[in-house]
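S.K.: For reference, the structure I am asking about is given below.
The values are calculated or read from the model by the stated rules, or taken from the named source; none is laboratory data. Small disclaimer: the values here were computed from a predicted structure and weren't measured. Cβ coordinates were reconstructed from backbone atoms using ideal geometry, including for glycine residues, and neighbour counts include every protein chain displayed.
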Amino acid sequence: MSQSAALPAMRSGRVAWQLAQTLWVGGVWMLHFVMLPALERFGLAPLLIDEIGGFMRPLLVGFAAVCALLQCLVAGLVLGWTVWRDLRGQLLLVVLLAAAVFFLVGSLPRGEYWQMFSYLVVAFAGLVLILQPRPDEITGR
């Protein structure tokens, strides 16, 4: 592939990486740390806030998993098989595992605590991921 033909593909990967990361990390943080506390402060009933959180958290965790898969694909295209030795690849793997745990423990006794723990793992792994450079920035591509 020529250098000029590779530029649009690299640019698309950069855009996909940043857009996916912004949407899922921002959504997870916005729901838990901004929207639900704001609804509580606004004076809505606690049961209503719990219902909103119970409806929105699985949607956001599923969305985060899909976006993390997209980011794994982009990182894999840039870094190859070394993506799993890279911190970004490991963080994306943590996100995918935490999302799987979120959905698997829901029906277990005390599952809501493990779901909240998984949700927070997704949130903080996303925060650390944001602090990392894009995969193409380190390799110089």
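S.K.: Give segment 1-38 a look and list any residue that's among the aliphatic types (A, V, I, L, M), more than 19 Å from Gly62 (Cβ to Cβ), part of a helix (DSSP H, G or I) and at pLDDT below 95, or say none.
M.R.: Step one: list which residues in segment 1-38 are among the aliphatic types (A, V, I, L, M), which gives 1, 5-7, 9-10, 15-16, 19-20, 23, 25, 28, 30-31, 34-36, 38.
Next, only the ones that are more than 19 Å from Gly62 (Cβ to Cβ) stay: 1, 5-7, 9-10, 15, 34, 38.
Among the residues that remain, those that are also part of a helix (DSSP H, G or I) are: 5-7, 9-10, 15, 34, 38.
Within segment 1-38, Ala5, Ala6, Leu7, Ala9, Met10, Val15 meet the criteria.
S.K.: Quick one: Val78 ticks every box in (1) under 20 Å from Gly27 (Cβ atoms); (2) touching an Asp or Glu at 6+ places or on another chain (Cβ under 7 Å) except a single one, so which number is it?
M.R.: Among (1) under 20 Å from Gly27 (Cβ atoms); (2) touching an Asp or Glu at 6+ places or on another chain (Cβ under 7 Å), the lone unmet condition for Val78 is (1).
S.K.: Look at segment 92-127 and say how many of its residues are free of Cβ contacts under 8 Å to residues at least 40 places away in the same chain and either within 24 Å of Ala16 (Cβ to Cβ) or in contact with a Lys or Arg (Cβ under 7 Å, 6 or more places away or on another chain) (or both).
M.R.: 12
S.K.: Let me spell it out: the conditions are (1) at negative phi; (2) exposed (fewer than 14 other Cβ atoms within 10 Å of the Cβ); (3) not basic (Lys, Arg), and Gly43 meets all of them except one. Which number is the exception?
M.R.: (1)
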